[in-house]
1. Within segment 54-74, how many residues turn out to be touching a helix residue (DSSP H, G or I) at 6+ places or on another chain (Cβ under 8 Å) and either in a helix (DSSP H, G or I) or surrounded by 13 or more Cβ atoms within 10 Å (Cβ to Cβ) (or both)?
2. Given (1) among the small types (G, A, S); (2) within 15 Å of the chain's Cα centre (by Cα); (3) more than 30 Å from L120 (Cβ to Cβ), identify the lone condition not met by A33.
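Derivation of every value follows stated rules applied to the coordinates shown; laboratory data play no part. This structure is a prediction, so every number in the text was calculated from the model and none was measured. When we count neighbours, we look across all protein chains shown, and the Cβ atoms used for this are built from the backbone with ideal geometry, even at glycine.
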Amino acid sequence: MKTAARRSAGFSLLEVLVAVGIMALSLGALYQAAGGSVRSVQRADQRTQALLLAQSLLDAYGTVPPGGLNAAGEEAGLRWQIVSTPYPTAFEQPPGWPLHHVHITVGWGQGGSVSLATLLPANLNDLRLPR
């Protein structure tokens, strides 16, 4: 009787090792999940910053200068490039509004990038309005 009571009095070393092993695996999985979440948040933040920069570059130009746009630079660790090309329309003849297709690409270090495109009119000083 004493031996049966002694065996049920506590945990064996094997039971403790199994419990520690299960806890270690669980903590490892939780660590991986938390690390993945942090990386996702960082990627989302980089993408948001790139989109804000691209939008502010678009907002800086209300019209396209006569020679078009072709510029590049770097801002806060983000590389950007803006390029425009004439966009043919049926309204090119006077008193038409010549348009340019403006394309902005913003990239960051890990190979990620975002692009925005729009149509902008040529510089208002170069437009020939009817009289």
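1. Selection size over segment 54-74: 1.
2. (2)
Condition check ((1) within 17 Å of V114 (Cβ to Cβ); (2) free of Cβ contacts under 8 Å to residues at least 60 places away in the same chain; (3) among the β-branched types (V, I, T)) across all residues:
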position	(1), (2), (3)
G10	no, yes, no
A29	no, yes, no
S37	no, yes, no
A50	yes, no, no
L57	yes, yes, no
G68	no, yes, no
Q81	yes, yes, no
P88	no, yes, no
